[in-house]
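Written below as structure tokens is the structure these notes are about.
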Amino acid sequence: MALALLARFLWMPLVQLGAGASIASPEPEGLQEAERFLEKYGYLGSTHRGIRPAEFSEAVREFQWVSHLSLSGKLDASTVHQMNLPRCGVNDARSFAAWKERMDALLLGRRAEKKRRKRYSHQSGQWYKRHLTYRVVNWPWYLPQQQVRLAVKAAFELWSNVSSLVFWEATSDPADIRLTFFHGDHNDGTDNAFDGPGGALAHAFFPRRGEAHFDNDERWSLDSSKGRNLFVVVAHEIGHTLGLEHSPVRSALMSPYYKKLGKDFVLSWDDILAIQNLYGKPPWGSTVQLPGKLFARFHDWSQDIEGRERQEGNPSAHYCRSFFDAITIDLEGNLYIFKGGYFWTVSKGGNTTGPELLRTKWPGLPSTIDAAAFSEEDGKFYFFKGGRCWRYGPSLEAGFPQKCSSTGDLPRHPDAALYFQPLRHLVLFKGPKYYVVNEETFQVEPYYPRSLRDWGGVPAMANGALTHLDGFVYFFRNDGFWKFDPDKLQVVASGKWAPQLPWLGCQAVDPS
Ligand SMILES: [Zn+2]
Ligand SMILES: [Zn+2]
């Protein structure tokens with residue numbers, strides 16, 4: 001079995017290297033994918049009747065312009081990379097024209113603006129009233145309702161602060177604007193079907209349909225550290241429901257690509273210009289601009305978790321009802337489950353203790369972590385957060401934390417870490433790739449990173465992974481688990497971890 005595995009993990013890199021490098025001159029498959037992308041996002045007409053090379057190259061050039069890439073008109077590596085970034089599902093077809101009109105209005109003055117406003121509202125539509133109601137129809141199971149409503153309210157306020165619009169939350173229908181989470185195909189056309197984690201995150205309809213849809217397969221979050229920031233994506237989709245097209249300005253909230261919440265203003269000058277062109281300035285004249293750092297934490301549950309759970313008298317309740325940040329297992333079979341600034345332990349016998357503060361056992365760790373692994377090789381704990389790493393054996397070793405992302409080419413913000421016995425190394429997972437890491441040097445081993453496809457059936461963006469005492473590797477994402485057979489190199493089972501895996505200590509939890 002070790003031989004088969006080595007063949008898969010160590011030999012295939014050499015074979016596949018050629019395939020990976022060919023992205024620059026795409027094979028028919030990559031070409032078709034690019035055509036589908038360009039058609040979906042409005043750069044190409046229907047691709048059914050075949051496309052002339054000149055047409056294709058012009059579409060690529062237009063896409064490169066909007067994406068701030070060099071205008072080669074060719075499907076080069078950076079263009080393919082850009083096409084695979086998470087983004088809004090609304091197409092970019094009119095974004096250039098709308099932006100040009102905004103610029104003309106700005107540069108040529110009021111006459112041009114009047115003319116433009118007529119044309120613009122004709123194209124994307126606008127609301128004829130200034131007081132609009134909205135409703136959050138559903139939300140991800142793992143996010144608390146109160147915090148989701150707060151984040152959505154703040155997202156609407158971004159726009160009402162800089163325009164004449166006013167928004168009210170409606171608790172029942174009818175509402176002018178409805179926000180709904182869906183999986184996959186949800187009956188608004190196959191082009192709008194959601195595509196699982198990554199890719200299109202959400203889309204919305206222009207006025208006056210009043211619908212914004214969010215991909216339920218994304219991991220949404222209310223704090224900025226991990227997952228897709230719900231506040232940012234909601235604020236962007238609200239822009240569409242109000243009549244705004246995508247902006248080619250890189251810093252704009254209405255830029256089609258997903259942005260992490262920064263410290264700076266959430267709206268850019270171009271967003272403000274666009275909304276004021278449709279609805280005018282706020283009645284009090286000046287606009288109120290809010291910086292991103294105000295919205296970084298809608299869900300600071302770790303502040304009060306200890307008190308709350310003591311009241312509930314159930315220490316394991318919290319991680320069982322929601323996803324966790326990381327998980328690992330030591331030589332004695334004790335599980336460590338990490339969430340926020342806390343961890344729980346579940347012994348081999350199923351005894352759960354915690355929550356305990358991370359820093360009481362591992363002084364020097366940051367307030368939260370991205371990934372953790374215990375190495376069977378050296379008996380040490382490894383932690384990862386952002387671009388840094390920590391090693392405890394058992395106390396923090398000299399020279400740590402290190403900037404592993406710059407010294408060893410490790411990925412920043414890894415999704416999960418695992419000590420993988422057959423390779424006798426740590427493995428880091430990040431998006432569609434995995435990295436085999438040398439624990440001594442914190443260097444990525446030669447021929448890595450490689451595609452997650454090597455791990456037959458393991459999903460991208462796992463929260464954590466471990467090798468259980470039964471010899472299988474378990475991957476966890478949100479409420480789901482995937483059981484991986486290291487002999488077959490295949491996922492052999494999957495399901496919901498809280499009710500189905502008794503060794504996680506969640507079956508004793510009283511659902512009331
Ligand atoms: Zn959009
Ligand atoms: Zn939809």
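All of the numbers you see were taken from the coordinates with simple rules; none came from a lab. It should be emphasised that the depicted structure is a prediction, and the values quoted were computed from it without experimental measurement. Neighbour counts run over all protein chains shown; Cβ positions are idealised from the backbone, glycine included.
By per-residue mean of other Cβ atoms within 10 Å, what is the highest-first order of 205-218, 124-137?
205-218, 124-137
Tally Lys/Arg at +1 and Asp/Glu at -1 over every other residue whose Cβ is under 15 Å from the Cβ of Trp503; what's the total?
Net charge around Trp503: 0.
Classify the stretch 449-512: rounded, prolate or oblate, from the alpha-carbon gyration tensor (a ≥ b ≥ c, eigenvalue square roots; a/c under 1.5 rounded; otherwise prolate if a/b is larger than b/c)?
Verdict is prolate for the stretch 449-512.
Around Gly399, under 13 Å between beta carbons, what's the net of Lys plus Arg minus Asp minus Glu among the other residues? Can you show the working numbers first?
Values: positive: Arg388, Arg391, Lys403; negative: Glu397, Glu440.
Net local charge, Gly399 excluded: +1.
Given the pairs Lys100/Lys260; Lys259/Lys496; Lys380/Lys488; Lys361/Lys430; Lys430/Lys483, which are separated by over 21 angstrom at their Cα positions? If you can, show how the numbers build up before the last one.
Values: Lys100/Lys260 26 Å; Lys259/Lys496 30 Å; Lys380/Lys488 28 Å; Lys361/Lys430 26 Å; Lys430/Lys483 19 Å.
Too far apart for the 21 Å limit: Lys100/Lys260; Lys259/Lys496; Lys380/Lys488; Lys361/Lys430.
Report the net charge of residues surrounding Val266, where surrounding means a beta-carbon distance below 11 angstrom and charges are Lys +1, Arg +1, Asp -1, Glu -1.
Spelling it out: positives minus negatives among the neighbours equals 0.
Roughly what would the spin-label model give for Asp485 and Phe265, points 7 Å off Cα along C-beta, in nm?
Distance between the two pseudo-spin positions: 5.9 nm.
Hey, what do the phi angles of the stretch 148-164 turn into as Karplus ³J(HN,Hα) couplings, whole Hz, using 6.51/-1.76/1.60 and θ = phi - 60°, x for Gly and Pro?
5, 4, 5, 5, 5, 4, 5, 5, 5, 5, 3, 7, 6, 5, 10, 8, 8
Based on the Cβ-Cβ distance of Lys281 and Ser172, what FRET efficiency does E = 1/(1 + (r/R0)^6) give at R0 = 45 Å, to the nearest 0.05?
0.90
Sort Ser375, Ser347 by Cβ crowding within 10 Å, fewest neighbours at the top.
Least to most surrounded, the residues fall as Ser347, Ser375.
For the pair Ser347/Arg49, report the inter-label distance in nm, with labels modelled 7 Å from Cα in the Cβ direction.
Output for this residue pair reads 7.5 nm.
State whether the stretch 95-299 is rounded, prolate or oblate according to the following rule on the C-alpha gyration tensor (a ≥ b ≥ c being the square roots of its eigenvalues): a/c under 1.5 gives rounded; otherwise a/b larger than b/c gives prolate, and the remaining case gives oblate.
Taking the square roots of the gyration eigenvalues as a ≥ b ≥ c, the stretch 95-299 is prolate.
For Lys40, project a label point 7 Å along Cα to C-beta. Then give me every residue of the stretch 236-255 with its amide nitrogen under 17 Å of that point.
In the stretch 236-255, the label zone of Lys40 (backbone N under 17 Å from the point 7 Å along Cα→Cβ) covers no residue.
Show which aspartates and glutamates lie in cross-link reach of Lys129 when reach means a straight Cα distance below 14 angstrom and same-chain residues fewer than eight apart are skipped.
Qualifying aspartates and glutamates at Cα under 14 Å: Asp176.
What full-extension length gain, to one decimal in nm, is calculated for Asn161 and Gln421 as 0.36 nm per residue of separation minus the Cα-Cα distance?
Extra length from Asn161 to Gln421 when fully extended: 88.1 nm.
If you stretched the chain out fully between Asp470 and Thr441, how much longer would it get, using 0.36 nm times the residue separation minus the C-alpha to C-alpha distance?
The span from Asp470 to Thr441 would gain 7.4 nm if fully extended.
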